[in-house]
Amino acid sequence: QNLAAELYRLTCCWLTHKYDEVVRIATAFGCDALSPAEAARWRALGVETAPDRHVDAQACRLHLSVAVLPLGLRLPWDLRETYMQFLLLRANCSADCLLPPQTEILILRMLPDLDGSSWLT
């Protein structure tokens with residue numbers, strides 16, 4: 001599959017508020033590295049979707065953050081802020097976009113100041 005095209009498709013779904021489709025794409029996301037075109041598309045995704053503050057959009061960002069974790073990519077959003085906004089509005093998140101517990105655990109591991117381990121020392 002052409003990852004740049006898939007990222008473009010993901011962006012189009014996001015901009016038309018098809019958040020469940022964004023989550024579906026994110027959970028199937030997989031590659032070893034990004035080409036320059038794909039990296040540009042990844043950065044553009046962050047810029048183009050930045051104004052969207054809907055709780056499902058925050059969930060999409062979190063799903064994608066975990067999906068690209070193996071690539072070591074710089075996220076085009078602030079993960080801590082995104083997760084905090086998600087937590088504040090979680091009750092309004094659609095069922096298709098909710099984070100499974102294992103995804104939340106990975107996010108917490110990416111945010112050591114929130115995972116509780118620092119409270120034990």
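The values are calculated or read from the model by the stated rules, or taken from the named source; none is laboratory data. Predicted, not measured: the structure shown is a model, and the values here were computed from it. Cβ atoms come from the backbone with ideal geometry, glycine included; neighbour counts cover every protein chain shown. Heavy atoms of the whole protein, side chains included, go into the accessibility calculation; ligands, DNA and RNA do not. Shrake-Rupley method; radii C 1.70, N 1.55, O 1.52, S 1.80 Å.
Here is a list of conditions, (1) among the aliphatic types (A, V, I, L, M); (2) within 17 Å of T11 (Cα to Cα); (3) touching an Asp or Glu at 6+ places or on another chain (Cβ under 6 Å), and A57 meets all of them except one; can you say which number that is?
(3)
Consider the stretch 7-31. How many of its residues are open to solvent by less than 60 Å² (accessible area, probe 1.4 Å) and either under 17 Å from V66 (Cα atoms) or out of contact with any Phe, Trp or Tyr (no Cβ under 9 Å at 6 or more places or on another chain) (or both)?
Final tally of qualifying residues: 14.
Give the residue that is most open to solvent (accessible area, probe 1.4 Å), with candidates limited to residues of the stretch 32-46 that are farther than 14 Å from L64 by Cβ and part of a loop (DSSP other than H, G, I, E, B).
For the stretch 32-46, the residue satisfying everything is D32.
Mind counting the residues in the stretch 56-69 that are open to solvent by less than 10 Å² (accessible area, probe 1.4 Å) and β-branched (V, I, T)?
Going through the stretch 56-69 one residue at a time, the tally reaches 1.
Does at least one position in the stretch 75-89 carry a residue that is touching a Leu at 6+ places or on another chain (Cβ under 7 Å) and under 23 Å from L3 (Cα atoms)?
yes
Every residue in the stretch 59-86 that is under 18 Å from P112 (Cβ atoms) and within 8 Å of the chain's Cα centre (by Cα), please.
Within the stretch 59-86, L62, S65, V66 qualify.
Assess whether R53 counts as being in a loop (DSSP other than H, G, I, E, B), among the basic types (K, R) and either open to solvent by 40 Å² or more (accessible area, probe 1.4 Å) or in contact with a helix residue (DSSP H, G or I) (Cβ under 7 Å, 6 or more places away or on another chain) (or both).
yes
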